[in-house]
Structures are given as structure tokens and as C-alpha cells.
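> Sharing a structure with you now.
The values are calculated or read from the model by the stated rules, or taken from the named source; none is laboratory data. Fair warning: this is a prediction, and the values are worked out from it, not measured in the lab. Every residue, glycine among them, receives a Cβ derived from its backbone with ideal geometry; neighbour counts consider all protein chains shown. These area figures cover heavy atoms from the full protein model, side chains too; ligands, DNA and RNA do not enter into them. Shrake-Rupley method; radii C 1.70, N 1.55, O 1.52, S 1.80 Å.
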Amino acid sequence: ERALAGGVARFQARCVALDGAAHRVDVTLSPIRGDDGRVVRLLLVARDLSELERTRRELAASESRLAAIVDSAMDAIVTVDAAQRIVLANRAAEAVFGWESDELVGRPLDVLLPDAVHARHRAHVEHFGTEGPRTRTMGRLRDAGHAALVGRRRDGSEFPIEASISKVDAAGERLYT
């Protein structure tokens, strides 16, 4: 009715192919007008959504597998973007730092570090991102020439940590884990 009245109608429908297989399709009906301005025909364009739905299911399954793998890690994993805002924290990170993952996402990494090291740590990550190696262990042993690293829990308590940093470019975005 909308298309016959001169507007474009768009909706999804279930169609059955000649082989009996059911498909969900995205349908667009557009009016074609005659010289007098009246609708004389409708142009119907149907796009099969089966492949899109299959791809979405596969992507969801892949994301679920990856999340399960990351969450099964015994060590805390925290990933930040180029602005050093947290984009991911696994269950071990939740246990170590006392924050829920969804509370950490979007916060600056500084929330997990003592105030005294914020500027130095930010500079280290920025330098690592532009000039450093692909991976780097930090704070392993004080007597091995590394500075001791300290983390900060949600309650403000501080504790020694051993950390490694790696960078990756994913989907056009620089990330650090």
C-alpha cells in the first residue's frame, strides 16, 4: 500500500525457493511513475539474507570462542587502545585488580597503576608503540636490572606485578596487551 501510494516500502519476509528451502529476504518496493505522475509499476528488489545470517552466526561463534580462550587464561590480560583506554579485561584481571570487566572498559589504564607512575608508564607505552620491539617483558626481577612494577587494585592497595607488553594492529586500530 505504501509503494502504491508513491512511497518506498521496505520489509523482511520469508520466502520458499523452488527447492523447498526457506530464506529470509530483505524486500524493497519502489514506485515507478508514469508521465501523469501516477504509479504505474512497482520495482521489487529482494535480497537473500541467508548468507548474511550464516556469517553473523559464524562471527558470534568465533567471538564466543575467543572470549572463552581469553577468559580461561590464568594470567591477567588487559588490552588498551592507542589512547591507553581499556578495551578488554579478562576474568583473571577482574580477580587481580578487583574490578568487573565492564567497569574497566573505557577507563584509562592509569586506574590500574599507582598515581606516581602514570606519566612514566604512558610515555613508555607511547615509545614502545612507535619504536619498541614487538614484545617486551617488564618488571621481571628487580636484581636483573628491571625496575619493580606495581599495580593498583580497586580498593587502592598496591601490589608487585610482572608484566609484558605487546602491540598489534587490528582492524586499523593499534592495540596494546
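> If the chain between residue 105 and residue 166 were fully stretched, how many nm would it gain, using 0.36 nm times the residue separation less the Cα-Cα distance?
On the way: separation 61, 0.36 × 61 = 21.96 nm, distance 1.87 nm.
Value of the extension gain: 20.1 nm.
> Evaluate the relative contact order of the chain (contact order divided by residue number), counting alpha-carbon pairs under 8 angstrom at least 6 apart; express in whole percent.
13 percent
> Which residue, 75, 35, 155, has the most motion in a Gaussian network model of the chain that connects Cα atoms within less than 10 Å?
Comparing 75, 35, 155 in the GNM, the peak value goes to 35.
> So how tilted is helix 118-131 from the main axis of the chain? Cα-based, degrees 0 to 90, rounded to 10.
Orientation of helix 118-131: about 60 degrees from the principal axis.
> What angle, in degrees between 0 and 90 and rounded to the nearest 10, separates the Cα long axis of helix 50-72 from the longest principal axis of the Cα atoms of the chain?
Around 10 degrees separate the two axes.
> Simple spin-label model, 7 Å along Cα-to-Cβ: residue 177 to residue 159 in nm?
2.2 nm
> Tell me the per residue accessible area of the chain using a 1.4 Å probe; a whole number in Å² is fine. All intermediate terms of the calculation are to be shown ahead of the outcome.
Details: 11980 Å² over 177 residues.
Accessible surface, normalised per residue, equals 68 Å².
> On to the next question. Using only the alpha carbon atoms of the stretch 1-107, find the Kirkwood hydrodynamic radius as the inverse mean reciprocal pair distance, in angstroms to one decimal.
Numbers: mean 1/r = 0.0542 Å⁻¹.
After inverting the pairwise mean of 1/r, the radius is 18.4 Å.
> Something else about it: Taking one equal scatterer on every alpha-carbon of the stretch 59-120, how large is log10 of I(q)/I(0) by Debye at q = 0.28, 0.29 1/Å?
Each listed q corresponds, in turn, to -1.20, -1.23.
> Hey, another quick one. If you build the convex hull over the alpha carbons only and average its shadow over all orientations, what do you get for the stretch 18-177? Give it in nm² to one decimal. Display every interim value, and only then the final one.
Values: hull surface 69.2 nm².
Computed as one quarter of the Cα hull surface, the answer is 17.3 nm².
> Next question. Fully extended, how many nm does the chain gain between residue 63 and residue 19 (0.36 nm per residue separation, minus their Cα-Cα distance)?
Numbers: separation 44, 0.36 × 44 = 15.84 nm, distance 3.29 nm.
Residue separation times 0.36 nm, minus the Cα-Cα distance, leaves 12.6 nm.
> Another one. I'd like the FRET efficiency for residue 95 and residue 117, computed as 1/(1 + (r/R0)^6) with the beta carbon distance as r and R0 of 22 Å, rounded to 0.05.
Values: r = 22 Å, r/R0 = 1.00.
Step by step, r from the Cβ atoms, then E = 0.50.
> Subtracting the Cα-Cα distance from 0.36 nm times the residue separation, let me have the gained length for residue 48 to residue 26 in nm, one decimal.
Numbers: separation 22, 0.36 × 22 = 7.92 nm, distance 0.65 nm.
Residue separation times 0.36 nm, minus the Cα-Cα distance, leaves 7.3 nm.
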